[in-house]
Every structure is written in structure tokens, then in C-alpha cells.
Amino acid sequence: MCRNITTLRGLEPPATAEEIEAAARQYVRKVSGVQATSARTSAAVEAAVRAVTEATTALLGELPPRQQPPPTMPPLRRLAARTA
């Protein structure tokens with residue numbers, strides 16, 4: 001379903017809060033069908049992003065380390081690598 005959301009577990013250095021929130025935001029946009037928030041959708045979308053961010057942070061903190069790094073870099077790291 002969300003092919004563009006990359007694996008955050010096992011990154012070196014570990015996934016940042018910004019990367020986790022970006023993945024949560026992308027997930028919420030995908031499942032809700034809301035690409036740009038409006039006055040009517042903003043509160044619900046932001047609450048969902050916070051909830052997904054918190055759940056993802058907890059999940060990543062509880063899982064054991066990966067044996068191998070993820071196959072792709074998250075989008076924020078790809079942007080940083082291009083500008084470096």
C-alpha cells in the first residue's frame with residue numbers, strides 16, 4: 001500500500017524524530033486520501049500524525065536490532081546525500 005515509506009528500523013545512525021514523523025505523515029496522507037489539509041481536515045490529520053509518530057517511535061524502541069541495514073535510505077537522507 002505505502003510503497004514509498006521506507007524501513008526505519010536498523011538505520012545507522014538510528015532514525016530521527018523528523019524521519020519518523022515524515023513517515024507517519026506520509027502514511028496518514030495515504031490512508032486518509034487527504035493530500036493537502038484544509039480547515040476541516042487539519043485537526044484530525046495532525047492528531048493522526050502525532051498518534052502514528054508515537055506508535056512508530058515506541059515500536060522502533062522495542063524491536064531487536066536488525067541483522068542487516070534496510071535496503072533503501074529514507075527520503076530525508078536521500079535529499080541530504082544529494083546536497084552534500
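Here, each number is a calculation from the coordinates, and none is a lab measurement. Since we're looking at a predicted model, the values are computed, not measured. Note that we place each Cβ from the backbone using ideal geometry, even for glycine, and neighbour counts take in every protein chain shown.
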Computed over segment 17-83, the relative contact order (Cα-Cα under 8 Å, seq sep at least six) in percent reads 41
Based only on Cα atoms, what Rg/Rh ratio does the chain have, Rh being taken as Kirkwood's radius?
1.00
If r is the Cβ-Cβ distance from LEU63 to THR16 and R0 is 22 Å, what FRET efficiency results, to the nearest 0.05?
0.85
Spin-label pair ALA51/ILE5, simplified geometry with 7 Å Cα→Cβ offset, distance in nm:
1.4
Using a Förster distance of 30 Å, the FRET efficiency for MET73-THR37 (Cβ separation, nearest 0.05):
0.65
For segment 22-35, take each phi angle, set θ = phi - 60°, evaluate the Karplus expression 6.51 cos²θ - 1.76 cosθ + 1.60, and give the result in whole Hz per residue in order, putting x for glycine and proline.
4, 5, 4, 4, 5, 4, 4, 4, 5, 6, 8, x, 9, 8
Check THR7: other-chain or 5+ apart residues with amide H under 5 Å from its amide H, H built from backbone geometry?
THR72
Ranked highest first by the average count of other Cβ atoms within 10 Å around their residues, in what order do 45-54, 19-28, 72-81 fall?
19-28, 45-54, 72-81
